[in-house]
Amino acid sequence: MKRALSIRLAIAVLAICLPLIPNSASAQEEKGKEPAAAEQKPHVAYRIEFNVREIEDGKRLNSRNYMMLVEEGDWGKIRVGNRVPYQYGEKSFQYQDVGMSIDCRPHEQGDGVALSIHVDFSSVVPQPQTSPTYNPVLRTERTEVESMVKLGKPTLVATMDDVVSNHSFEIEVTATKVK
């Protein structure tokens with residue numbers, strides 16, 4: 001009697017579990033196929049070139065070039081500069097990054113690319129050192145731009161005037177698709 005009951009219980013458990021086995025196997029097959037489908041999607045990357053020009057009274061004073069390779073949808077970042085100390089309290093110092101910062105995120109759109117661009121450049125204003133403590137005065141120019149550019153064509157995306165001088169800055173971008 002006990003043996004017959006054990007056999008019936010085993011058959012009942014198998015009857016309940018048997019329908020679940022094919023479903024889990026097909027789910028595992030589908031899971032195995034998903035990464036293969038994701039791998040087949042081609043990665044699109046862009047070479048983004050920046051030309052930052054400083055101009056005074058219509059004459060070019062300075063021109064700097066920066067380049068980044070960045071995948072579509074990712075942020076590319078460039079940082080160039082120095083850390084400037086300044087006094088904070090009687091015997092404490094803090095540091096401020098000074099120089100050029102460029103962040104850019106491309107998104108493919110038709111025959112061009114949409115760019116989210118953040119440019120921030122700062123400098124130390126020359127000061128006479130007549131006071132006993134020297135805390136620098138920092139000047140910053142900053143812009144955030146959403147711009148559509150044609151591939152391979154240089155595009156002026158921003159201009160900025162310096163508020164304390166007759167200098168201005170131009171930011172030109174060229175985007176090229178990399179395969």
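The values are calculated or read from the model by the stated rules, or taken from the named source; none is laboratory data. Not measured: the values here are computed from a predicted model. Note that we place each Cβ from the backbone using ideal geometry, even for glycine, and neighbour counts take in every protein chain shown.
Give me the pairs, please: first residue somewhere in segment 112-131 and at pLDDT 85 or above, second residue anywhere and crowded, with 16+ Cβ neighbours inside 10 Å and polar (S, T, N, Q), beta-carbon distance under 6 Å, and either six or more positions apart or on two chains.
Here the result reads L115/S147; D120/S101, each pair linking segment 112-131 to a residue that is crowded, with 16+ Cβ neighbours inside 10 Å and polar (S, T, N, Q).
Could you please find all residues in segment 92-108 being touching a residue at least 12 places away in the same chain (Cβ under 8 Å) and either loosely packed, with under 11 Cβ neighbours inside 10 Å or closer than 9 Å to R79 by Cβ (or both)?
If the condition is that a residue be touching a residue at least 12 places away in the same chain (Cβ under 8 Å) and either loosely packed, with under 11 Cβ neighbours inside 10 Å or closer than 9 Å to R79 by Cβ (or both), then D97, G99, M100, S101, I102 are the ones that fit.
Hey, among the residues in segment 78-104 that are of a type in the set (D, E) and assigned to a strand (DSSP E or B), which one's farthest from N51 (Cα to Cα)?
Restricting to residues being of a type in the set (D, E) and assigned to a strand (DSSP E or B), the top hit is D97.
Determine which single condition G58 fails, assuming it passes every other condition in (1) exposed (fewer than 11 other Cβ atoms within 10 Å of the Cβ); (2) within 15 Å of A175 (Cβ to Cβ); (3) among the small types (G, A, S).
Of everything listed in (1) exposed (fewer than 11 other Cβ atoms within 10 Å of the Cβ); (2) within 15 Å of A175 (Cβ to Cβ); (3) among the small types (G, A, S), G58 misses just condition (2).
If I ask for residues that are hydrophobic (A, V, I, L, M, F, W, C), closer than 27 Å to R83 by Cβ and surrounded by fewer than 14 Cβ atoms within 10 Å (Cβ to Cβ), which ones from segment 139-165 would you list?
V163, V164 - these are the residues of segment 139-165 that are hydrophobic (A, V, I, L, M, F, W, C), closer than 27 Å to R83 by Cβ and surrounded by fewer than 14 Cβ atoms within 10 Å (Cβ to Cβ).
Of everything in segment 144-179 that's over 26 Å from A45 (Cβ atoms) and among the hydroxyl-bearing types (S, T, Y), which residue is farthest from the chain's Cα centre (by Cα)?
Across segment 144-179, the extreme among qualifying residues is S165.
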